[in-house]
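K.L.:
Pasting in a structure now, in structure tokens, and then I'll have a few things to ask.
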Amino acid sequence: MAGGQRPMVRTVYKQLRTIEPLHTSGPIAVTPDGSRIVTCLAEEALLTELSSGKLLCRFSCASESITTLCLSPSAAYLILFTTPPSLRLYDIPKVCSGQVVHPFRVIAHAHDAPVHVCTVDPTSSFLASGSADGIVKVWDISAGHVTHVFKGHGGVISALKFNFPRDPSIASSTRTFQLVTASVDTRIRLFDLMATSRNDQEALWPIAVLDGHVSVPRGLDVTPDGKWLISGGRDSVVLLWDMSPSSRSTDGSVSKKGKGKTTVVAPILTKTVPIMESVEAVGFVHPELNDFTAKSPKLQFFTAGDKGVVRIWDLTQGSVIYSLGTDADFNTVAQEAERQIIDALYLPAVDAIVSARADQNIFFHSLLSRSLIRHMVGYNDEIVDTIFLSPPSSDPNQSNHSRSRDTQLALATNSSLIRIYSISNLDAQVLAGHSDIVLSLDQGLGGRIFASGSKDKSARVWAFAQQPNSNGWGCIALCEGHTESVGSIAMSRVYDDSDSHPRFVFTGSQDRTIKMWDLSELPLTFPGVDPARCHSLATHKAHDKDINSLDIAPNDQFLASGSQDRTANIYEISYKPSSGGKPPRGEIKRLGCCKGHKRGVWNVRFGKTERVLATGSSDKTVKLWNLEDFTCVKTFEGHTNSVLRVDFINHGTHLVSSGSDGLVKLWNVKEETCVTTLDNHEDKVWALAISTDEATIVSGAADSVVTFWQDCTEEEEKEREAKRADQVLREQDFMNYLAMHDYRRAIELALAMQQPGKLLALFGEIRSAAMERGLQGDTNVSGKDALDEVLRTLSSPDLSVLVRYIRDWNTNAKTSGVAQSVLYTILRLRPAEEVLEAFDYSSPEGTRHPIGTTSSLKDIIDGLIPYTQRHLARLDRLVQESFVVDYMLNEMDDGMFDGTGGEIMDVDDPR
């Protein structure tokens, strides 16, 4: 170390932040400026800041499931519909600090059936909601009452859209205000919301019914001028409707019922675009580029559906301009269902499209750059493993030495997808490749590449792609050969930052074998082509049961394996790279076996500086093994359930472990004691990762929560030093006050320092001095006039604390005399009302801040009376025993004292 300084030992960690479930199901809503998003998590809605991923507030739903939600365009209100069908309106707080927000209005029976769609008009004044019984209601948000009720739909309402052209040149009397609805009867209906103000008797009937779809319409949108309507449905087509009065024909008119037959012209179907996929969302994009006024308009729109891709279309040509996302090759029907887009929104202010998939992933695509700008993972499910990653810098002038370390976090969850999170803003990337659940992860080359093992019986090696349009991770190698799940994986450790290359990787499987794979010919970056197939260098039958964990020594010389057969094996690694046209060769040779655990071994980890091995087991212990003779040298007990992960920090002087009890523990290896317990999980902590500088510990559990624990040892030490220095100054001030006989300041300072021992010594000295000189002629009560004055005028908070100290002193016979003396002084000098008032404004023990509790006085009296009675009984016994002593002494002197004058009697006197 520079300057001969010892490395700092990190022993104190605090919770920095977490990655928690964000979205489980249901619709989403985004503020128009694209800065915040509202998602559904079980029975509550969450408001999250997109730039940082920080949770701003929660919207309580009183344990009712959310069926649909929407935000007002002004971002002032959030509207929720729950089951049973109730309407909840919330004010979005201007200052958010993670608080729970309750609705300002609740309408219990808003509909008679569940509500699945709702929307707010552009003025944020009216809300439209459609239920499963075919009823559409329009609400006045500020007043909270229904303005319109529309019936006649042939089933569940599937889509809603307001048509409210904002043209100031049009008189308000002739302004259009319509509601477009779609239902499962495949029809689209147009309702005139201004008919009520005109006293139209037929206001409750649609002014037009549009037939064109043969399946459920799922998306509706209207141009800002209200002249064009677009609809998309599960019949895989998008329809364009001309709503302009100038182009309507009487041939397409429909009649409405009334006293006099009134003819209203329906919108005309002008374009049908085959989409070739089920459409779940559709809308116009780039309104500033669209020519809405031309007879043959040049319009662009987006579609999203079961292919999991957002496509931008040219309506004139009926062709795709470009796609956002890629068509994935689905390995199973379940994976195909998970990738479907269930909701999509267009944000004109930021020119972006937000889409939500069935697998709870939310994507933000920029139409300007035609790229993914944000990916949010809504739900990670059970977290199985995690590692830190350090991808190469995209700056060619930045060397590997100067690149940032541990900038990303990889998660293996209860899924075939690998999640890659950015540490800075929690932006995510999802890696597809495995066809079954990923069970294990390990990194190589300092985090520049990593490997994964899966239930699909294969392992994959991943590298970072630095192409301009593909700045993410991709699979560069595939290892196939095991006959069962690959539950553990370990990559070679030796590397340097200049020109290093991975050499090999080990995989352990449920087939009870360990395989060694050659990585010497793999590229260090993702080339964008199909992965290479790795060659197996060696296969070794290792254990009698499943292999749970593998680890390679820091020098690449040894391999350790842990198994359900309750043992950990140590192997010597022999590897020779290719030379002279000869292929690389590798093998492992077993050196010894570590036996001692009573149940299966879940994790093994080599020491970073010494030849030791740490193992965590289902027997609730962590054991440390000597690699010279494979004996157990230390056992750490403290977990109340299985130990699942273990690792070394502080140059091997401390251990970190996590278990099924939901705890992360930090152990002192030398003293075999638990230094710190970190608690933020409610289920098994399967995943544990430590950053390169050991300043951050990441734990992931089966409760779908990832916790970042940040080292605060230095800050804690500075705080302790500051408190210690302040304590020394206060103690010196206390001694100075005693020397000056300033009892008031001395007592107040001792109370402030919460040091009853100093008060006890002070009162004891005064009482002893008073007893030595006797109390005859003294006018004080306590033994000093100054102390009487202090106790008589002591403030109420200080008095309440002092009486609590008296109660504690009274429990000990040695200090009860001082306690009774001080209590007697207080009760003599202060009226009972003042004592009661002190406890009316008293505070909990250990603090001196008023909280307004009145029950503490009774508790103190109940604590004083039994011990006082015990002390009085003890004094009575002492007095009685003193008479016995006097009698015995009188009998023992054999009448030497006659009791009259105290004279000594003559023994020869016959009297």
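The values are calculated or read from the model by the stated rules, or taken from the named source; none is laboratory data. Predicted model only: the values in this text are computed from it and were never measured. Heads up, the Cβs are rebuilt from the backbone with ideal geometry, glycines too, and the neighbour counts pull from every protein chain shown.
K.L.:
Which of the residues belonging to segment 50-69 are under 22 Å from the mean Cα position of the chain (by Cα), of a type in the set (A, V, I, L, M, F, W, C) and surrounded by 14 or more Cβ atoms within 10 Å (Cβ to Cβ)?
P.N.:
50, 55, 56, 57, 59, 61, 66
K.L.:
Taking into account only those residues within segment 482-493 that are among the small types (Gly, Ala, Ser) and in contact (Cβ under 8 Å) with a residue 60 or more places away in the chain, which is farthest from residue 547 (Cα to Cα)?
P.N.:
492
K.L.:
Counting just the residues of segment 83-118 that are of a type in the set (D, E, K, R) and surrounded by 12 or more Cβ atoms within 10 Å (Cβ to Cβ), which one comes out farthest from residue 135 (Cα to Cα)?
P.N.:
So the residue we want is 91.
K.L.:
Determine whether segment 699-713 contains at least one residue that is in contact with a Lys or Arg (Cβ under 7 Å, 6 or more places away or on another chain) and farther than 23 Å from residue 17 by Cα.
P.N.:
No.
K.L.:
Any residue at all in segment 663-682 that is outside any strand (DSSP E or B), over 26 Å from residue 570 (Cα atoms) and touching a Ser or Thr at 6+ places or on another chain (Cβ under 8 Å)?
P.N.:
Taking every residue of segment 663-682 in turn, at least one turns out to be outside any strand (DSSP E or B), over 26 Å from residue 570 (Cα atoms) and touching a Ser or Thr at 6+ places or on another chain (Cβ under 8 Å).
K.L.:
Just checking, does segment 740-748 include any residue being of a type in the set (A, V, I, L, M, F, W, C), free of Cβ contacts under 8 Å to residues at least 40 places away in the same chain and out of contact with any Lys or Arg (no Cβ under 6 Å at 6 or more places or on another chain)?
P.N.:
yes
K.L.:
Please go through segment 302-330 and pick out each residue that is within 32 Å of the chain's Cα centre (by Cα) and modelled with pLDDT of 85 or more.
P.N.:
Selection gives 304, 305, 306, 307, 308, 309, 310, 324.
K.L.:
If you go through segment 488-510 one residue at a time, how many are acidic (Asp, Glu) and under 36 Å from the mean Cα position of the chain (by Cα)?
P.N.:
Residues in segment 488-510 being acidic (Asp, Glu) and under 36 Å from the mean Cα position of the chain (by Cα): 2 in total.
K.L.:
In addition: With the checklist (1) free of Cβ contacts under 8 Å to residues at least 40 places away in the same chain; (2) more than 20 Å from the chain's Cα centre (by Cα) in hand, flag the one item residue 72 doesn't pass.
P.N.:
(1)
K.L.:
Consider residue 682 carefully, then state whether it is within 30 Å of residue 646 (Cβ to Cβ) and charged (D, E, K, R). Break it down into steps so the answer makes sense when it comes.
P.N.:
On the way: within 30 Å of residue 646 (Cβ to Cβ): yes; charged (D, E, K, R): yes.
For residue 682, the condition - within 30 Å of residue 646 (Cβ to Cβ) and charged (D, E, K, R) - is met.
K.L.:
Something else now. Could you tell me which of the residues 530, 497 is in contact with a helix residue (DSSP H, G or I) (Cβ under 9 Å, 6 or more places away or on another chain), modelled with pLDDT under 90 and either farther than 30 Å from residue 567 by Cβ or of a type outside the set (Val, Ile, Thr) (or both)?
P.N.:
Sole residue among the options that is in contact with a helix residue (DSSP H, G or I) (Cβ under 9 Å, 6 or more places away or on another chain), modelled with pLDDT under 90 and either farther than 30 Å from residue 567 by Cβ or of a type outside the set (Val, Ile, Thr) (or both): 497.
K.L.:
Looking at 800, 795 in this structure, which one is exposed (fewer than 15 other Cβ atoms within 10 Å of the Cβ) and either at pLDDT 85 or above or in the same structural domain as residue 859 (by TED's automatic domain parsing) (or both)?
P.N.:
Answer to the selection: 795.
K.L.:
Only residues in segment 212-225 that are more than 15 Å from residue 301 (Cβ to Cβ) count as the first member; pair them with residues that are of a type in the set (Phe, Trp, Tyr), Cβ under 7 angstrom, at least 6 apart or cross-chain, and list the lot.
P.N.:
Short answer, once both residue conditions are applied: 225/292.
K.L.:
State whether one or more residues within segment 108-117 are charged (D, E, K, R), at pLDDT below 95 and in a strand (DSSP E or B). Please lay out each step first, then the result.
P.N.:
Going through segment 108-117, the residues charged (D, E, K, R) turn out to be 112.
Filter again for at pLDDT below 95, leaving 112.
Those still in the list that are in a strand (DSSP E or B) too: none.
Looking for residues that are charged (D, E, K, R), at pLDDT below 95 and in a strand (DSSP E or B), one finds none in segment 108-117, hence no.
K.L.:
Tally the residues that are within 15 Å of residue 378 (Cα to Cα) and part of a strand (DSSP E or B), restricting the search to segment 35-57.
P.N.:
13
K.L.:
Would you mind stating whether residue 704 is assigned by TED's automatic domain parsing to the domain that holds residue 426 and modelled with pLDDT of 95 or more?
P.N.:
no
K.L.:
Among the listed residues 652, 662, identify the single one that is surrounded by fewer than 20 Cβ atoms within 10 Å (Cβ to Cβ) and of a type in the set (Gly, Ala, Ser).
P.N.:
652
K.L.:
OK, next. Pull up segment 494-536, narrow it to residues that are of a type in the set (Val, Ile, Thr), touching a residue at least 60 places away in the same chain (Cβ under 8 Å) and surrounded by 16 or more Cβ atoms within 10 Å (Cβ to Cβ), then point me to the one that is nearest to residue 581 (Cα to Cα).
P.N.:
The residue in question is 505.
K.L.:
If you check residue 514 against the conditions, is it under 22 Å from residue 448 (Cβ atoms), at pLDDT 90 or above, under 41 Å from the mean Cα position of the chain (by Cα) and not in a loop (DSSP other than H, G, I, E, B)? Can you show your working first?
P.N.:
Values: under 22 Å from residue 448 (Cβ atoms): no; at pLDDT 90 or above: yes; under 41 Å from the mean Cα position of the chain (by Cα): yes; not in a loop (DSSP other than H, G, I, E, B): yes.
It is false that residue 514 is under 22 Å from residue 448 (Cβ atoms), at pLDDT 90 or above, under 41 Å from the mean Cα position of the chain (by Cα) and not in a loop (DSSP other than H, G, I, E, B).
K.L.:
Considering every residue within segment 590-603, establish whether at least one is modelled with pLDDT of 95 or more, surrounded by 17 or more Cβ atoms within 10 Å (Cβ to Cβ) and within 21 Å of residue 492 (Cα to Cα).
P.N.:
Yes, segment 590-603 contains at least one residue that is modelled with pLDDT of 95 or more, surrounded by 17 or more Cβ atoms within 10 Å (Cβ to Cβ) and within 21 Å of residue 492 (Cα to Cα).
K.L.:
Which members of segment 639-656 meet the condition of being in a loop (DSSP other than H, G, I, E, B), touching a residue at least 60 places away in the same chain (Cβ under 8 Å) and not polar (S, T, N, Q)?
P.N.:
none
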